[in-house]
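Each remark here refers to the structure printed beneath this line.
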Amino acid sequence: MKWQGRRGSSNVRSSTGGGKMIGGGIGGIIIAGILWLVFGVNPMTALQTGQAVTGGSSESSTELATSTDRDTQFVKVVLADTEEVWHQIFNEAGSTYQEPSLILFNGQVSSACGSASSATGPFYCPGDQTVYLDTSFFVEMRQNLGISGDQQGSGGEENQGKAGDFAQAYVIAHEVGHHVQTLLGISQQVNEARQQVTQAQSNKLSVLQELQADCFAGVWAQRNQERVQFLEVGDIDEAVNAAGQIGDDRLAKASGGAVVPDNFTHGTSQQRVEWFTRGLESGNVQSCDTFSGAL
Ligand SMILES: [Zn+2]
């Protein structure tokens, strides 16, 4: 996937896990002060020792910073690509697209939907209209999907360091798809409907909502391809592969409750691939009516 040299979104922010700041900050200074009073240790030495003790975590955050520089830029470009496309689509319908925020976090993050950890996976919170991505997610995707990217033989110079890019973009586009559902009032309707039906029907509605987000991701890919020709050989396979493999996205409760892991909300791999492809081939949101005749 080609992404360098395009505009990056200004809606991306980073949030480092607050819990990891103990070594520095005010807590560290207070501890150093106490050490000084009790043991006569120079606070500056103590602070330095403190940093040495937490060296493991600061080392890993340096490591992360190196990978997130590139990842952050990538995320900014992909989010900007979604902004361009969805602005276009909303304009065509005589409406205005409101851009979501995206927060990159490491470890823990608190959202309007409750607090989440890296284990939660990527999610969208309707309460603050924000997509949340943990940085470890990229590392995992590279590990899980990078290999298959190589095997698909799109190789050579084109493939260098790019394996898995489009799969990552697809995940972001899927989360933005949930944002679009929120703007269109679909998420709210689904949530209301879910209150009034059986558990099985409620799960089914969730699946349909997820499949529509996949379809919206496909629509985005098609429209972005028209706009900037960003796809490379093997990219679609990559995304289809990702659509089949990634079940970690968690649906955040629109009610503003906690982010609840839900294992029933994503549909089968085949369904996900099918709806992504449908959006991709049509480039039209009308083709993404996963709900018709659902209940
Ligand atoms: Zn989803």
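For the stretch 183-202, a residue qualifies if it is of a type in the set (A, V, I, L, M, F, W, C) and closer than 30 Å to Ser95 by Cα, and the qualifying residues are Leu183, Leu184, Ile186, Val190, Ala193. Please go through the stretch 82-132 and pick out each residue that is surrounded by fewer than 21 Cβ atoms within 10 Å (Cβ to Cβ), over 16 Å from Val176 (Cβ atoms) and touching a strand residue (DSSP E or B) at 6+ places or on another chain (Cβ under 6 Å). Those that are surrounded by fewer than 21 Cβ atoms within 10 Å (Cβ to Cβ), over 16 Å from Val176 (Cβ atoms) and touching a strand residue (DSSP E or B) at 6+ places or on another chain (Cβ under 6 Å): Asn106, Gln108, Ala112, Gly114, Ser117, Ser118.
Can you tell me which residue in the stretch 170-186 is farthest from the chain's Cα centre (by Cα), limited to those that are small (Gly, Ala, Ser) and surrounded by 22 or more Cβ atoms within 10 Å (Cβ to Cβ)? Of everything passing the filter in the stretch 170-186, Gly177 is farthest from the chain's Cα centre (by Cα). Residues that are more than 16 Å from the ligand (Cβ to nearest atom), part of a helix (DSSP H, G or I) and of a type in the set (A, V, I, L, M, F, W, C) were ranked within the stretch 187-220; the one that is surrounded by the most Cβ atoms within 10 Å (Cβ to Cβ) is Ala193. Confirm whether Thr290 is among the hydroxyl-bearing types (Ser, Thr, Tyr), within 15 Å of the ligand (Cβ to nearest atom) and at pLDDT 80 or above. When the stated conditions are applied, Thr290 passes them. The sole residue among Arg250, Arg272 that is in a loop (DSSP other than H, G, I, E, B) and at pLDDT below 90 is Arg250.
Only residues that are in contact with a Ser or Thr (Cβ under 6 Å, 6 or more places away or on another chain) and part of a loop (DSSP other than H, G, I, E, B) were counted in the stretch 108-127, giving 1. Taking the stretch 166-192 as the range and being free of Cβ contacts under 8 Å to residues at least 12 places away in the same chain and not acidic (Asp, Glu) as the test, the residues that pass are Leu184, Gly185, Gln189.
Here is a yes/no grid of residues against (1) modelled with pLDDT of 90 or more; (2) touching a strand residue (DSSP E or B) at 6+ places or on another chain (Cβ under 9 Å); (3) over 28 Å from Ser118 (Cβ atoms):
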site: Leu183; (1), (2), (3): yes, no, no
site: Gln196; (1), (2), (3): yes, no, yes
site: Val207; (1), (2), (3): no, no, no
site: Cys215; (1), (2), (3): yes, no, no
site: Ala239; (1), (2), (3): no, no, no
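The values are calculated or read from the model by the stated rules, or taken from the named source; none is laboratory data. Computed from a predicted structure; not experimentally measured. When we count neighbours, we look across all protein chains shown, and the Cβ atoms used for this are built from the backbone with ideal geometry, even at glycine.
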